[in-house]
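Below is one structure, written out as structure tokens, with a few remarks after it.
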Amino acid sequence: MNKPLPTTILEGELERITYFNAENHYTIAKLKTSKTKSIVTIVGTMSAVKAGQFLKIEGIWEIHPKYGQQFKIKAYKETLPATIDGIKKYLKSGIVKGIGPSTAEKMINHFKTEVFEIIEKYPEKLLEIEGIGDAKAALICNAWKYNHAARGLMQLLQEAGVKTSYCAKMLKQYGTDAVDVIRNDPYRMTIDIPSIGFYFADRIALNLGVSSDDPRRVKACIIHVMQQFTNEGHVFAYEHQLIEHCQRLYQLEPDIIGYSIETLAAEKELVIENALDSSENRIIYLKEFHQAENGISNRLKALMSVPVTPHSIDAERISTEVQKKLAIALSKEQVDALEKILSHRVAIITGGPGTGKTTLIRSVNAIFEVFGKRVLLAAPTGRAARRLSEVTRSEAKTIHRLLGVNFQDGQFHKNKDNPLDADAVIIDEASMLDTLLMFHLINAIPMTAALVLVGDVFQLPSIGPGNVLSDMIKSAQAPVFYLKKIFRQAHKSPIILNAHRIRNGELPVLKSMDDPEGLSEFYFLEQGDPNRVVSTIVELCTKTIPETFSFDPMQDVQVLTPMHKGLVGTTYLNQVLQKALNPNPVMVETTGTTFKVGDKVMHLKNNYQKDVFNGDIGTINAVDIKEHIFSVDYYGRTVNYDFTETDEVSLAYAISVHKSQGSEYSAVILPIMVQHYVLLQRNLLYTAITRGKHLVIIIGTKKALTIALKNDMPKKRLSGLAFRLMKN
């Protein structure tokens, strides 16, 4: 067994920085040692360092196969120079903002070796120097404090074994008080800086001496585990699940967990209820999800209790008006549904592709307009809203824009007290409605308006917690109109026909790309080797699809995959597709990911300040290395990101099937392998297939396809909405 190499201490002056990664602070630099004056290469994570600083570094010597001997940094701290020459060189280097060579000379001549003490303890004395006024003195003082805070924070993180790339975010959040704030309560970071999360906050806390059963730790742990449940789509957790997770993952005693659950409930952070299904288990909600689920139920019941004014339009006139306004001949099924929809305050329309959901949306919209009603159209995502607008030729918005989100605090302008100005609200892609978004939407619906939800309930549930559309259908409290007939023109589409076969658990009709009968919309390429699957995807994107089908690989083609890890997961596929499709040089580097101008990227979480939302896809159009900013074009609108915000975007050459919901792409490529076993479900396969408008290519094995088709029992989400709606 190899013994770990002994650590060594080096002290010296930082001569120059040859490489610096702005996102994770990985640094390669040259250090002039104090003792021998030799120049050595140092490598490792360093923050807020500049040439001219004096450092004391703990690390190990290693031999790099290409670059030779290097000193690998384990920990470091700044040591301030003590001699006049050292101080002069330090201040002239520009390390302290506001102090240039001329000002440095004046300060050293006036204060001699006491200059650092003056800046730190008696900054008002800086006004004694000619050319330093109040503003410049404040700039120097703040820069000194910032540098000091950065040094202290780096040391704190290093000692805890936490990635020092978080340093910039902590400084941005807490400023020069960062170290004191974190030492006082490390767990507040889980709320203030969600991207850091409980795991790293916990490591810092335990390293600072916080006991494992400290009430702050137990509470933070419980909230963290509850958030993990919501990340998996659940609206609540059973109490025994919550206790078991906290006990197993974080070694907490059940009685301590139970006591803290009760405390958090008393503090209104959690809500405890008896199980809605009459079992003996208690269920636990995060406060906002309990409020939302209860609020949806109460508001829907109230809305449905308001009588609808009888209309004077019959089936024949409905057909005539739709024919006149839209030049569409409705089927009897559609006319019957439309006539009944007009008689209800809340209605749900569901059906697979090609069954006329879009036609019915257009028809409902047209008939409401015949009545002189003000109709609002919306969808959960920008892509779905744009498509809705195109097919209806009427304005459609995202639900966030419909409700008038406040981009500062994420609150909505439209609510119970300030409802939407509408007689009818039609929501497309309603299967994507999660619990929180539905809560805000239903609160903004006037009690005199009609609400029509349209969606394919067989698709994957929403990315966010809950299963709103499915629960509403399950409750049988609002009328549901199932569209089952596939229209004649849709029968010509292999994509639509195969989607319905998959929905029914039947193997799709599989056609090879070398079939002599000519071009088709749906192909299956048999391939069991993951490496060959990857190379085939690259070939399809770079050559076959552009040359054969004339689709732009960047704009028209989307690779969808069930998972993130592995050779055929999003992470690796994005790397190889970026290399194949984007020849531009690397501009921004992050931990494990590189971004370039021209890259296709996806925003990963709602950001109200930037007015960009989870699932939005754009293109990087500029990078400013000097200002540490890169810009993304989202549908003609530019959004700027600081380099510290790269965790909000990911490459989008390949995305998960879940992230594709509500979107349509000209061409879809779907790898489906037995390696995806845990995620192979019929509704996932169905959702992926129905994203393709003109071309779907599946690459993988028939065995994997069969596994997915047989698995019609998707993971159950814990939600109480259906029970609440059925409850009197």
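Tabulated data
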quantity: Estimated [θ] at 222 nm from DSSP helical runs (n ≥ 4, -39500 (n - 2.57)) normalised by residues in the chain, nearest 500; calculated: -11000 deg cm²/dmol
quantity: Share, in percent, of DSSP beta bridges within the chain that are antiparallel, nearest 5; calculated: 60
quantity: Most positive-pole-ward Cα, TYR686, ALA75, ILE629, against dipole of the chain from beta carbon charges; calculated: TYR686
quantity: Where N is the number of residues in the range 206-363, Cα Rg divided by 2.2 N^0.38 Å; calculated: 1.67
quantity: The range 343-400 - convex hull of the alpha-carbon atoms, volume per residue in Å³; calculated: 103
quantity: Kirkwood-type radius of the range 164-226, with distances r between different C-alpha atoms, in Å; calculated: 11.7
quantity: Values of log10 I(q)/I(0), in the order q = 0.13, 0.14, 0.15, 0.24 Å⁻¹, for the range 574-683 under a Debye, Cα-only, solvent-free model; calculated: -0.53, -0.61, -0.69, -1.47
quantity: Rounded accessible area of SER650 (nearest 10 Å², 1.4 Å probe); calculated: 40
quantity: Greater than 19 Å apart at Cα, pairs in LYS169/LYS610; LYS219/LYS287; LYS121/LYS169; LYS511/LYS703; calculated: LYS121/LYS169
quantity: Relative counts (whole %) of C-alpha pair distances in the range 497-541, using bins that are 10 Å wide; calculated: 24, 41, 35, 1
quantity: Heavy-atom accessible area order for THR320, THR350, largest first, 1.4 Å probe; calculated: THR320, THR350
quantity: Exposed-site-free run, longest, the chain (rule: GluC sites (Glu not before Pro); DSSP loop; at most 12 other C-beta within 10 Å); calculated: 1-129
quantity: Whole-Å semi-axes of the ellipsoid equivalent to the range 620-705 (Cα gyration tensor, √5λ, descending); calculated: 33, 15, 10
quantity: Projected area averaged over orientations for the range 496-625, convex hull of C-alpha atoms, nm²; calculated: 10.8
quantity: Furthest towards positive pole of dipole, ILE272, VAL668, ILE313, structure part the chain, Cβ charges; calculated: VAL668
quantity: Total charge dipole magnitude, the range 510-652, about the Cα centre, Cβ charges on Lys, Arg, Asp, Glu only, Debye to nearest 20; calculated: 280
quantity: Low-density loop cleavage sites - chymotrypsin sites (Phe, Trp or Tyr not before Pro) in the range 28-136, where at most 16 other Cβ are within 10 Å (DSSP); calculated: TYR67
quantity: Cα pair distances in the range 533-608, grouped into 10 Å bins until the bin that holds the longest one, percent each; calculated: 16, 48, 31, 5, 0
quantity: Coarse-grained scattering of the range 1-149 at q = 0.12, 0.17 Å⁻¹, given as base-10 log I(q)/I(0) from a Debye sum over alpha-carbon atoms; calculated: -0.56, -0.96
quantity: Restraint check, LYS301/LYS484; LYS373/LYS416; LYS30/LYS579, Cα-Cα greater than 26 Å; calculated: LYS301/LYS484; LYS30/LYS579
quantity: Estimated dipole of the range 272-362 in Debye, rounded to 20 [Cβ of Lys and Arg +1, of Asp and Glu -1, Cα centre]; calculated: 380
quantity: Rh (Kirkwood; distinct C-alpha pairs) - the range 72-169, Å; calculated: 14.5
quantity: Sites matching trypsin sites (Lys or Arg not before Pro) across the range 70-158 that sit in DSSP coil, with at most 15 neighbouring C-beta atoms within 10 Å; calculated: LYS97
quantity: Paired Rg and Dmax values of the chain, which use every Cα atom, in angstrom; calculated: 30.3, 98
quantity: Whole-Å semi-axes of the ellipsoid equivalent to the range 191-251 (Cα gyration tensor, √5λ, descending); calculated: 21, 15, 8
quantity: Local net charge near ARG387, Cβ-Cβ under 9 Å (Lys/Arg +1, Asp/Glu -1); calculated: -2
quantity: Positive-pole candidate from GLN158, THR263, VAL586, dipole of the chain, charges at beta carbon; calculated: VAL586
quantity: Inverse mean reciprocal Cα-Cα distance (Kirkwood Rh) of the range 44-128, Å; calculated: 14.7
quantity: Per-residue SASA entry for TYR146, accessible area with 1.4 Å probe, Å² rounded to 10; calculated: 100
quantity: Fraction in percent of alpha-carbon pairs per bin - 10 Å, the range 342-480; calculated: 12, 45, 37, 6, 0
quantity: Cα centre as origin, Lys/Arg/Asp/Glu Cβ charges: the chain dipole, Debye; calculated: 840
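The values are calculated or read from the model by the stated rules, or taken from the named source; none is laboratory data. Not measured: the values here are computed from a predicted model. Reconstructed Cβ throughout: ideal geometry from the backbone, glycine too, with neighbour counts over all protein chains shown. Areas reflect the complete protein model, heavy atoms only, side chains present, ligands, DNA and RNA absent. Shrake-Rupley method; radii C 1.70, N 1.55, O 1.52, S 1.80 Å.
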